[in-house]
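The values are calculated or read from the model by the stated rules, or taken from the named source; none is laboratory data. Keep in mind the model is a prediction, meaning the values are calculated, not measured. Cβ: placed from backbone, ideal geometry, glycine included. Neighbour counts: every protein chain shown. The protein model used for the area step is the full one, side chains on, heavy atoms only, and it has no ligands, DNA or RNA in it. Shrake-Rupley method; radii C 1.70, N 1.55, O 1.52, S 1.80 Å.
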Amino acid sequence: MEALKERDALLNRLKRLEGQVRGLQSMVREDRYCIDILTQIAAIQAALKQVGFKITEKHISHCVSDAIQRNEGQESIEELMAVLKQFSK
């Protein structure tokens, strides 16, 4: 049940982000002030990062933890680290 709540919360966040991106498209289409557009881009990036952090947290709590218990933790950790490196670019 808790997993469904977490998934629904993530989906709601993504729907809000989708709306923000549509708003950004409108701002560009309407030739809005560049600083306003950049501010909106920063807000979208921050919100998307938060979604990524939540998914990372879930992955560590479940997938990585399970892999460690099965003595397959090293591969799982390496996979996670590779993705986290991409996140930091």
Worksheet item: Can we say D36 is in a helix (DSSP H, G or I), loosely packed, with under 13 Cβ neighbours inside 10 Å, of a type outside the set (A, V, I, L, M) and over 18 Å from the mean Cα position of the chain (by Cα)?
Response: yes
Flagged pairs (Cβ under 7 angstrom, 6 or more apart or on separate chains; first in the stretch 20-49, free of Cβ contacts under 8 Å to residues at least 40 places away in the same chain; second surrounded by fewer than 14 Cβ atoms within 10 Å (Cβ to Cβ) and among the charged types (D, E, K, R)) are M27/D36
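Before we move on, is Q74 part of a helix (DSSP H, G or I) and out of contact with any helix residue (DSSP H, G or I) (no Cβ under 8 Å at 6 or more places or on another chain)? Step through it out loud before you land on a result.
Working: part of a helix (DSSP H, G or I): yes; out of contact with any helix residue (DSSP H, G or I) (no Cβ under 8 Å at 6 or more places or on another chain): yes.
Taking the combined requirement at face value, the residue satisfies it.
Restricting to the stretch 29-50, name every residue that is among the polar types (S, T, N, Q) and over 18 Å from S88 (Cβ atoms).
So the first thing to find is which residues in the stretch 29-50 are among the polar types (S, T, N, Q), and the list is 39-40, 45, 50.
Scanning the stretch 29-50 gives T39, Q40.
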Of the candidates R22, R16, the one satisfying the condition of being basic (K, R), under 24 Å from L4 (Cβ atoms) and open to solvent by 100 Å² or more (accessible area, probe 1.4 Å) is R16
Flagged in the stretch 39-71 as more than 26 Å from K5 (Cβ to Cβ) and in a helix (DSSP H, G or I), in numbering order, are T39, Q40, I41, A42
When the stretch 42-59 is checked residue by residue, the ones that are β-branched (V, I, T) and surrounded by 14 or more Cβ atoms within 10 Å (Cβ to Cβ) are I44, V51, T56
